[in-house]
């Protein structure tokens, strides 16, 4: 049953969460057992009949199966959510762990939006729509494959806290990397064109042009990254400019002081010369 609003979402998770959780986790585990869905260096450790702990390459923060791992993830999530840009002020692990499925969904929405601002505002959408867009985001970020979308949506709708906390941990632990990936995805994601239109010359020409522009974009972006890495950052430039301005001001003051001292010295020198010229001794000498 798909939820259409927050209250119904909560009710659904309370009534069906425990019953469906094991089934959905098993379906998710079964889907990644298929060779075509396995990430590189994929390994399995069977914990029980419904839980699989898999490698940390692609599905690194999926289901959590040990108490220590769960605690570590919750500690990290609390610490990260209390930092900018979230500043949630969560006081304890228990406070986070005690949040309802709907509250966790809202937190995930905030995290996802902060990573990819183009997603817009998800707060006004119903639970089903939010989950659909979140799973779409996770596909683009390569957290899940297309084959796991429906299973993940069911886990979200069932209010599976381990799945939700796993997604939060994965996003927060790779925050800057995912922000960069989300930015690049806007320009590098392939455009799906129905096969029946691929035979048209204009479509083929535009598709080829798009691929060429994407290739150029990769080169430009790579060079820009190198410049950022090798060159000074804007803050460093600002600090250097500020220091140079201070040195300039000090040098200007020193020059003005020297001019003043030089001017006073000249007047004193000529004054002494005049005194010598007007002295009686000089007059006697002249006669």
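Key figures for this structure:
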item	result
Label point distance in nm, residue 177-residue 146, each placed 7 Å from Cα along Cα→Cβ	2.5
Linear extension gain, residue 210 paired with residue 249, 0.36 nm per residue minus alpha-carbon span	8.8 nm
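Bear in mind these aren't lab numbers, they're just calculated from the coordinates by the rules spelled out. A quick note: this is a predicted structure, and the numbers were derived from the prediction, not measured. Don't worry about glycine lacking a Cβ; one is built from the backbone with ideal geometry, like all the others, and counts go over all protein chains shown.
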